[in-house]
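Worksheet: one structure, shown below.
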Amino acid sequence: MSNLDLAIATFGGGCFWCTEAVFNELRGVSKVTSGYCGGAVEEPTYAAVCAGTTGHAEVIQIEFDPTLCAYEDLLEVFFRTHDPTTLNRQGNDVGTQYRSVVFYHDEEQKTVTEAIIQRLNETTAFRAPIVTEVTAAVTFYAAEDYHQDYFKLNPNQPYCRAVVQPKVEKFRAVFSEKLRVD
């Protein structure tokens with residue numbers, strides 16, 4: 001499949017190490033890049049984003065084959081692998097840089113995202129209303145190289161063992177039928 005046939009999704013669900021590790025294992029996903037989106041500073045750095053002064057969220061940009069993995073499937077994984085009901089927080093990570101956000105790339109993604117959020121809220125899938133921001137995609141900045149494939153390259157790092165690994169294990173158990181097989 002050529003890159004021309006791939007679609008793009010951009011999600012922020014807290015620490016990008018966690019979300020990248022999960023989506024890297026999803027069938028139909030060809031590439032996941034950790035980065036920053038939604039802020040006012042050009043070429044932000046990890047230190048500046050973590051300080052909460054740039055307005056960016058830690059996000060992942062996903063290149064996927066929509067014939068193998070629908071956008072709705074990506075959203076299902078996204079909403080089930082982080083807490084979309086906490087404003088500007090995921091676990092111990094606190095600040096706008098850790099907000100739950102979907103940066104949509106076209107009106108269809110916006111419509112689908114809003115419909116799924118409405119359905120989840122109506123079915124009380126979560127104990128509190130979803131606060132995920134849904135906003136038009138703006139410039140995406142790839143994070144520094146050492147953030148890419150972080151969990152894969154650093155599985156024994158304490159944060160990875162305590163936070164990322166349990167998320168990946170939960171994902172594998174819940175979405176076993178959607179795991180990539182390569």
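The list (1) 122; (2) 169; (3) 109 gives values of volume of the Cα convex hull per residue in Å³, and only one came from this structure; which label was calculated from it?
Derived directly from the coordinates: (1).
Under 12 Å from the Cβ of Tyr141, count the other residues' Cβ atoms, weight Lys and Arg +1, Asp and Glu -1, and hand me the total.
Neighbourhood net charge equals -4.
Across the chain, how many lysine pairs, 8 or more positions apart or on different chains, have C-alpha atoms separated by under 16 Å? Please give the number.
Within the chain, the lysine pair count is 5.
Please grab the % of Cα pairs in region 33-105 that end up more than 13 Å from each other.
68 percent
In Å, what Rg and Dmax follow from the Cα atoms of region 86-182?
Looking at region 86-182, its Cα Rg and Dmax stand at 16.0, 41 Å.
Every read-out reported here was derived from the displayed coordinates using simple, explicitly stated rules and does not represent laboratory data. This structure is a prediction, so every number in the text was calculated from the model and none was measured. Don't worry about glycine lacking a Cβ; one is built from the backbone with ideal geometry, like all the others, and counts go over all protein chains shown.
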